[in-house]
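Colleague: Have a look at this one before I ask anything.
Please treat every number below as a calculation from the coordinates, not as lab data. Keep in mind that this is a model prediction, so the values were computed, not measured. All Cβ positions, glycine included, derive from the backbone under ideal geometry; neighbour counts span all protein chains shown.
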């Protein structure tokens, strides 16, 4: 295996590993409210650029340092765009803002952890979904960016 093929293979493995970590963080801590639609194309472009670089098409225009910057972009986008509050932090906001005893855990029906919403506010990097909680037969939404807690008049999920 040539040196350029190894470089491409390492890049591909690193990209898949990085993508897997970001998806895991998004699903585990943020319950899927982080929007991956910007990160996926950036990672795809990175793989294409590295492939063309290893084939000699970009070696004159780009240095390896410039190629290395492509590895930082998805991580920076995730760190900048991630929601301010994780699902657990938002749960604490519900406890603090309302007099409730326990919040129902949706382990088997994890889709109930978020609710699609309509909003006119611009949400960069965040899907139009809010965290959803049920406590003492009351239902709450928490904006993952601002932490605003709203009590719903009726449940979204039946």
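Colleague: In nm, what is the difference between 0.36 nm times the number of residues separating residue 3 and residue 80 and their Cα-Cα distance?
Modeller: Gain on stretching residue 3 to residue 80: 24.3 nm.
Colleague: What FRET efficiency comes out for residue 121 versus residue 57 if R0 is 35 angstrom and r is the Cβ-Cβ distance? Round to the nearest 0.05.
Modeller: 0.25
Colleague: Is the shape of segment 3-81 rounded, prolate or oblate, going by the alpha carbon gyration tensor and its root eigenvalues a ≥ b ≥ c, with a/c under 1.5 for rounded and a/b larger than b/c for prolate?
Modeller: The shape class here is prolate.
Colleague: Using a Förster distance of 25 angstrom, determine the FRET efficiency expected from the C-beta separation of residue 40 and residue 111, and round it to 0.05.
Modeller: 0.70
Colleague: Follow-up question, since we're still on this one. Rounded to two decimals, what is the ratio between the C-alpha radius of gyration of segment 54-120 and 2.2 N^0.38 Å?
Modeller: Here the Cα radius of gyration is 1.98 times the empirical estimate.
Colleague: With just the Cα atoms of the chain, tell me how far they stretch along each of the three principal axes, in Å, largest first.
Modeller: The Cα atoms of the chain stretch 64, 31, 25 Å along their principal axes.
Colleague: How far is helix 39-54 tilted off the main Cα axis of the chain, in degrees rounded to 10, range 0 to 90?
Modeller: Between the helix axis and the principal axis of the chain, the angle is about 10 degrees.
Colleague: Further question: Against the longest alpha carbon principal axis of the chain, how many degrees, from 0 to 90 and to the nearest 10, is the axis of helix 87-97 turned?
Modeller: Taking Cα atoms only, the helix is inclined about 30 degrees.
Colleague: Mean shadow of segment 87-152, computed from the convex hull of its alpha carbons, in nm²?
Modeller: Mean orientational projected area (segment 87-152, Cα hull): 4.6 nm².
Colleague: Still on this model: Using alpha carbons only, how many degrees (0 to 90, rounded to 10) separate the axis of helix 3-29 from the longest principal axis of the chain?
Modeller: 0
Colleague: For the chain, what relative contact order do you get, as a whole percent, if you take Cα pairs closer than 8 Å and at least 6 residues apart?
Modeller: So the answer I get is 23 percent.
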